[in-house]
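Here is the structure we will look at.
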Amino acid sequence: MYLPDDVIAHVREVSDEPDLSATKYRLLRPLGRGGMAGVYAVEDTELGREVALKVSTATTAERCARMQLEAKVIARLEHPGIVPVHDVGQLPDGRVYYVMKLVRGERLDRWARRPLERGARLRTFAQVCRAVAFAHAHGVIHRDLKPENVMVGPFGEALVMDWGLAKASHARVGTDAATATERISGPRVVESLAGATQDGTILGTPAYMPPEQARGEIDALDARADVYALGAILYFLLARRAPFEGETPDAVLERVRDTPPRALRELAPQLPRALDSICAKAMSRDREARYAGALELAADVDAFLDAQPVSAHREAAWERAARFASRHRVLLSLFGVYLAVRVLLALLAS
């Protein structure tokens with residue numbers, strides 16, 4: 001019996017819909033579906049609000065444990081830039097779900113298509129850096145940072161999404177950024193939400209992953225892997241394109257492994273050299289040359305926005321003068337007017 005493709009797709013979609021009859025949630029509409037989970041808008045009938053429900057697509061013990069671990073890890077990351085988890089449970093068919101805030105807004109890749117001034121892009125990016133730094137301080141590495149995994153809300157808030165590939169340490173780490181970076185480096189990070197992974201396994205999105213991740217060096221991934229990905233997001237925001245492009249994921253992976261991205265200033269010649277240096281340091285192919293943590297990256301971006309020197313860039317004399325002029329624009333304008341008036345009065349007196 002022949003069935004049209006759209007009918008088969010509808011049957012598959014309906015069969016995947018979660019049975020919420022034993023919960024306090026009422027299904028409203030699907031929001032998205034991936035290989036391992038689906039996300040739905042649901043109503044919390046007790047509180048009368050819309051929330052998002054993420055449910056696994058399989059009932060295997062490994063998949064269920066992964067979803068429960070993902071929920072627990074996100075729940076401990078209580079930060080304005082990370083979507084909060086409200087509830088976790090199991091459906092009658094055995095699938096695990098968790099409930100989180102329903103985020104309204106645009107994905108960063110779509111938001112960035114707007115005619116936004118550079119300062120707005122950088123301020124939003126700094127928000128993302130601080131959210132990632134908070135996760136690092138609690139022993140969690142995202143491992144799949146990209147514009148598609150960041151949402152920008154209607155009031156300019158930036159939220160980091162999709163922690164399904166995250167890696168977390170068992171021990172809760174303190175909030176000191178330097179200590180956090182040291183604590184989550186190397187073998188201390190032992191728990192992966194994507195299941196057991198070994199060297200040679202490639203996880204994440206090729207265009208935004210660091211070279212060591214593209215080579216499958218899982219044990220080498222630490223906070224600096226996320227710093228690289230943040231640098232790649234900054235590259236995207238400034239150049240309006242991903243650092244690496246290719247016809248296939250394998251082609252992109254090969255470029256990430258073997259070559260640096262095209263220089264930012266080739267794509268945006270008017271870009272200030274300090275911003276180019278910030279991005280280059282974050283995306284250094286040498287892990288040791290990158291920022292030690294996301295807070296350091298955010299600090300340099302904030303310094304640039306405040307017309308202060310940035311640690312990643314050695315200024316020339318003319319750049320210092322230009323930065324001084326930018327920072328004291330009003331004062332210099334008043335001084336210029338004063339001089340013009342004095343000159344005019346002198347000419348009139350003569």
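Laboratory data are not the source of any read-out in this text; all were calculated from the coordinates shown. This one's a predicted model, so the numbers in the text were calculated from it and none came from an experiment. Counting neighbours? That spans all protein chains shown, and the Cβs are built from the backbone with ideal geometry, glycine included.
Is there a residue in the range 106-121 that is without any contact (Cβ under 8 Å) to a residue 40 or more places away in the chain, farther than 30 Å from ASP306 by Cβ and either part of a helix (DSSP H, G or I) or not hydrophobic (A, V, I, L, M, F, W, C) (or both)? Checked against the condition, which is being without any contact (Cβ under 8 Å) to a residue 40 or more places away in the chain, farther than 30 Å from ASP306 by Cβ and either part of a helix (DSSP H, G or I) or not hydrophobic (A, V, I, L, M, F, W, C) (or both), the range 106-121 yields no hits at all. You will find that of GLU254, GLU245, the residue that is among the acidic types (Asp, Glu) and in contact (Cβ under 8 Å) with a residue 12 or more places away in the chain is GLU245 and no other.
Scanning the range 29-56 for residues that are more than 14 Å from TYR98 (Cβ to Cβ) and among the polar types (S, T, N, Q) returns a single hit, THR45. Of the listed requirements (1) among the β-branched types (Val, Ile, Thr); (2) surrounded by 14 or more Cβ atoms within 10 Å (Cβ to Cβ); (3) without any contact (Cβ under 8 Å) to a residue 24 or more places away in the chain, ILE233 misses just one: (3). I'm trying to understand the selection: among the residues of the range 262-292, which are of a type outside the set (D, E, K, R) and under 23 Å from ALA214 (Cβ atoms)? Of everything in the range 262-292, those that are of a type outside the set (D, E, K, R) and under 23 Å from ALA214 (Cβ atoms) turn out to be ALA263, LEU264, LEU267, ILE278, CYS279, ALA280, ALA282, MET283, SER284, ALA289, TYR291, ALA292.
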